[in-house]
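First comes the structure, then the notes that go with it.
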Amino acid sequence: MQNEKRRIFSGIMPSGNLHLGNYLGALKNWVALQDDYENYYCIVDLHALTVPQDPKVLRVKIRELAAIYLACGIDPEKSVVFRQSRVSGHAELAWLLNCVAKVGELSRMTQFKDKASKGGTDSASVGLYDYPVLQAADVLLYNAHLVPVGEDQRQHLELMRTLARRFNGLYGETFVVPDIFVPEAGARVMALDEPTTKMSKSSPTPASYIALLDDPDVVRRKIRRAKTDSRSEVKASPDKPAIANLLGIYAAMTGRKVAEIEAEYEGRGYGDLKKDLAEVVVEGLAPIRERALALLDDPAELDALLDRGAAKAREVADTTLHDARAKLGLD
Ligand code: AMP
Ligand code: TRP
């Protein structure tokens with residue numbers, strides 16, 4: 001049966017501080033799915049380069065991300081863990097797909113428009129513009145069936161499916177058209193200080209996110225100080241984005257329904273909810289933090305694990321790339 005397992009591919013950029021949104025939107029689900037699929041969990045370091053990175057910091061962040069993957073429960077016996085830049089097929093397939101992707105399609109990507117608008121579109125890197133094509137190459141290279149990600153990746157996944165279908169239509173069946181997996185709870189965790197914007201790794205305000213490596217007391221403080229809505233009733237509604245976010249985090253961390261949690265806090269205020277939520281989050285994250293810090297004590301072992309992962313990934317990637325080249329007349 002081993003060979004009949006369907007494949008998963010997903011990745012996270014080794015930039016900024018991994019946070020609760022990354023955990024609930026992505027990592028937690030990767031771990032839950034890992035027994036039923038053949039998994040490729042990648043550290044997408046080439047994607048990180050689409051905005052300027054300090055090489056010294058990037059090196060540290062790559063290992064940190066590997067440690068966090070493992071600490072969250074990704075098991076290297078069940079999942080291939082590797083760095084994107086160590087499998088040259090990612091960049092090569094991205095080029096082949098660049099030649100079927102359209103300027104209009106990439107220009108419509110909201111993530112590009114948001115990120116590029118910050119420093120002016122003219123000075124955004126070409127890499128930032130091309131980011132979704134490299135992402136498509138990541139997944140198609142492994143003929144993955146399922147891509148577990150947070151809500152913000154929906155548009156990129158749609159483009160990926162379009163590119164796979166277009167290539168197959170033009171040159172013959174080559175790629176699996178992947179499905180997206182977005183969790184029911186935790187797919188869009190919002191910033192603690194501004195619940196109308198997404199919790200983000202690149203935020204300059206640490207109070208806006210709970211980092212997976214935050215000390216438990218820091219976690220408690222950040223939740224205590226999280227923005228609240230007017231009226232103290234503990235009920236999620238569109239006009240109460242702050243409480244809706246806290247309830248959403250609570251639900252995603254515990255696997256309970258928001259309505260059930262609301263009922264439990266009926267007649268009680270925010271203060272109680274925040275206090276309990278802080279303990280729920282600390283209890284969930286503290287073991288991850290401890291394991292990650294312990295793993296980081298042995299960087300050579302992490303590097304060796306990533307090298308072994310890359311060797312396995314290359315075998316699959318080479319086969320797909322060979323096929324894609326042949327279909328294009330490059331054999
Ligand atoms: P990134 O931080 O952009 O590298 O995202 C890595 C993964 O985490 C992707 O699957 C994202 O969809 C997911 N993710 C990022 N931010 C959030 C968030 N605030 N809520 C839920 N998922 C998120
Ligand atoms: N773009 C994704 C993000 O920012 C990261 C990513 C790169 C990815 N390649 C991928 C996610 C392939 C899933 C599959 O979150």
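Before moving on, here are some points about what is shown:
- Taken along the Cα-to-beta-carbon direction at a fixed 7 Å, the label points for residue 230 and residue 122 span 4.4 nm.
- Using the 1.4 Å probe convention, the accessible area of the stretch 206-293 works out to 50 Å² per residue with neighbouring protein chains retained.
- Heavy-atom accessible surface of the chain: percent carbon and sulfur, 1.4 Å: 52 percent
- Calculated FRET efficiency for the pair residue 57/residue 301, C-beta based, R₀ 22 Å, to 0.05: 0.55
- Annotation: lysines with alpha-carbon distance below 19 angstrom to residue 78 (same-chain offsets under eight excluded): 5, 28, 312.
- Chain lengthening between residue 256 and residue 239 when straightened (0.36 nm per residue, less Cα-Cα): 3.9 nm
- Relative to the current alpha-carbon distance between residue 103 and residue 197, full extension at 0.36 nm per residue lengthens the span by 31.0 nm.
- Estimated dipole of the stretch 206-293 in Debye, rounded to 20 [Cβ of Lys and Arg +1, of Asp and Glu -1, Cα centre]: 260 debye
- Counting lysine pairs in the stretch 206-293 whose alpha carbons fall under 18 angstrom apart, excluding pairs fewer than 8 residues apart on the same chain, gives 12.
- Cβ charges +1 (Lys, Arg) and -1 (Asp, Glu), total dipole of the chain, debye: 720 debye
- Ordering of 115-123, 322-330 by packing is 322-330, 115-123, highest average first (other Cβ atoms within 10 Å, averaged per residue).
- Bridge orientation summary for the chain: considering DSSP beta bridges with both residues in this region, about 15 percent are antiparallel.
- The chain, helix-only ellipticity at 222 nm - DSSP H runs n ≥ 4, -39,500 (n - 2.57), divided by all residues, nearest 500: -16500 deg cm²/dmol
- Taken over the alpha carbons of the chain as equal point scatterers, the Debye sum produces base-10 log I(q)/I(0) values at 0.08, 0.15 Å⁻¹ of -0.39, -1.28.
- Which of 9, 242, 84, positive extreme of dipole for the chain (C-beta unit charges): 242
- With all protein chains modelled, accessible area of residue 49 [1.4 Å, Å²]: 100 Å²
- Positive-end residue, the chain charge dipole about Cα centroid, Cβ charges, pick of 216, 253, 57: 57
The values are calculated or read from the model by the stated rules, or taken from the named source; none is laboratory data. Keep in mind that what you see is a predicted model, and the values were worked out from it rather than measured. So basically every Cβ, Gly included, is an ideal-geometry build from the backbone, and we count neighbours across all protein chains shown. Ligands, DNA and RNA are stripped out before the accessible areas are found, and what is left, the full protein with its side chains, is counted by its heavy atoms. Shrake-Rupley method; radii C 1.70, N 1.55, O 1.52, S 1.80 Å.
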